[in-house]
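One structure is given below, encoded as structure tokens.
No value in this document is a laboratory result; all are computed from the given coordinates. The structure presented is a predicted model; accordingly, all values stated were derived computationally and were not measured. No Cβ is skipped: glycine too gets one built from the backbone with ideal geometry, and neighbour counts run over all protein chains shown.
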């Protein structure tokens, strides 16, 4: 079953700026205004999973868009993240890819992202997800870049 407003979110996503010229903790994020979706500069645009090509930037951007909209509507980060994951899953499965295969592949890429050296973080990165995580190491690493 298609999540409510899936097509509306896809239309909105087509109008947003996707920017992959920065280092983005946890792979993807958004600016405070919600007008830019950031995808880490090391994330490939497409990946092959189960013999099918998937636009990884699109699945990640959809997740970030839905998450940001729900946070702005007053949802807590965990609630918004859960809703966003349902939309991401729907997108992936509509591409004929099993969610578990996608999740495993993205997990590997995220690990590679986590251990990579950062060069830059966008100054307008929305910190809500990072603050909620209580990941002190990542938060201090981000702050270092934002203070430069």
Most mobile of 42, 23, 124 in a GNM of the chain (Cα contacts under 10 Å): 124
Proxy reagent accessibility, fewest Cβ within 10 Å first, across 126, 103: 103, 126
Sites residue 11 and residue 144, calculated FRET efficiency, Cβ-Cβ separation with R0 35 Å, nearest 0.05: 0.40
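Which shape class, rounded, prolate or oblate, goes with region 67-148 when its Cα gyration tensor gives a ≥ b ≥ c as root eigenvalues, a/c under 1.5 marks rounded, and past that a/b bigger than b/c marks prolate?
Details: a/c = 2.47, a/b = 1.36, b/c = 1.81.
Here region 67-148 falls in the oblate category.
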Alpha carbon centroid spacing (whole Å) that separates region 6-24 from region 26-43: 9 Å
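What's the extension gain from residue 104 to residue 133 if we count 0.36 nm per residue and subtract their Cα-Cα distance? Each step should come with its number before you reach the end.
Working: separation 29, 0.36 × 29 = 10.44 nm, distance 2.11 nm.
Length gained, residue 104 through residue 133: 8.3 nm.
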Cα-projected label distance for residue 73 with residue 120, points at 7 Å along beta-carbon direction, nm: 3.4 nm
Cβ-based exposure ranking for 118, 99, in which fewest neighbours within 10 Å come first: 99, 118
DSSP-defined beta bridges in region 8-143 - what % are antiparallel, rounded to 5: 75 percent
Label point distance in nm, residue 86-residue 48, each placed 7 Å from Cα along Cα→Cβ: 3.5 nm
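With the cut-off at 1.5 for a/c, could you classify the chain from its C-alpha gyration tensor as rounded, prolate or oblate?
Verdict is oblate for the chain.
Once you have a ≥ b ≥ c as the square roots of the Cα gyration tensor eigenvalues for region 15-94, tell me rounded if a/c is under 1.5, and otherwise prolate or oblate according to whether a/b is larger than b/c.
Working: a/c = 2.15, a/b = 1.28, b/c = 1.68.
Cα axes put region 15-94 in the oblate bin.
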